[in-house]
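I have placed the structure first, in the form of C-alpha cells, so that the comments after it can refer back to it.
What follows is calculated from the coordinates using simple rules that are stated; it is not laboratory data. Computed from a predicted model, the values in this text were never measured in an experiment. Backbone-built Cβ (ideal geometry, glycine too); neighbour counts: all protein chains shown.
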Amino acid sequence: MINKIPTYEKTFFGALLTMAAGGIDAYSYIFHGQVFAGLQTGNMILLGVNLGQGHWSASLRYIISILAFFVGTIIIRIMQRSTWSDEHENGHRKLVLIYEAVLLLIIAGISQFVPSIIATILLSITAAAELQEFRRLNGGPFTPLMMTGNLRTLAETSFDALIFHETAAINKLKTTASIMVTFIIGAALIAISTPIISKFSIVIPAIVILIALSSLYGSKDE
C-alpha cells in the first residue's frame, strides 16, 4: 500500500514556501542593509568579511540577524515540543503559517517607522519559523530557505534522468526544478514591486504564505 503524502509535503505547498522564502530574503537584502533573513550561511560569510575588514558596525547587522534566527528557531521548537502540538499535528502547522503571515504584515506596517534592525529581527524570526517547521517534501528532506542542496540534487537527478532514464530521478528533477524556480520568482516579485510599493512589498510573501495556509484547510491530512 502506497503511503499518502500529506498536503504540507506536496510539491505545490513546498513551492509556495520557497517562493515566500525567496521574497523574504530579497526584501531583507534590498531594504535592510544587505542582510539575509533566512540564508544565515551568507550572513556568516559577510560577517567574517566585515570583521576581517574592520567594519564593526556593519558586522553587528549580521550578528543580530543570526541571533534572531536562533531565537526564532527556539520559539517554534517550544511549540513543537508542547502537548498541544502532539494532539494537533496539522493544527500547529497552520498556526506556524499564521504566525509567519502576521509577522510579515506587522513588518509591512512598521517598516517605514522603525529602525532597520527591528525589521531585520522580525524577518529572521519569520524565516526561522518556516525552516524549523517545514523540512520534508514528498517524503524526503527539504530546506525551503537554502538552494545549494537543491542545486546539487538538480545536477544529480539531471544526470540520472538524462543518462539512465530513471523514473524516480525524472520525478525528483521536476520537483527540484519547481522549487528552485519558485524561489527565484519570489525574489523577483520583490524586485519588481519595490519601485511601485517600496517597503510594502513584503505583503507579497505574506499573501503566498496565506495561500499555503488555505491549502491546508479542507485537506484530509488530519
Quick one: of LYS94/LYS199; LYS4/LYS199; LYS10/LYS199; LYS172/LYS199, which pairs are farther than 29 Å apart, Cα to Cα? LYS4/LYS199; LYS10/LYS199; LYS172/LYS199
Computed label-point distance, nm, for sites ILE63 and ASN90 using a 7 Å Cα→Cβ extension: 4.6
Tell me, what is the FRET efficiency for LEU105 and ALA155 to the nearest 0.05, using R0 = 45 angstrom and their Cβ-Cβ distance as r? 0.75
Summed over the other residues with a beta carbon less than 9 angstrom from that of GLY38, with K and R at +1 and D and E at -1, the charge totals -2
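What do you get for trypsin sites (Lys or Arg not before Pro) in the stretch 86-141 restricted to DSSP loop and a cutoff of at most 16 other Cβ within 10 Å of the site's Cβ?
Passing both the DSSP loop test and the Cβ count: ARG135.
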How many times 2.2 N^0.38 Å is the alpha carbon radius of gyration of the chain? 1.05
Taking the chain and dividing mean pair separation by its residue count, relative contact order in percent (alpha carbons under 8 Å, at least six apart): 38
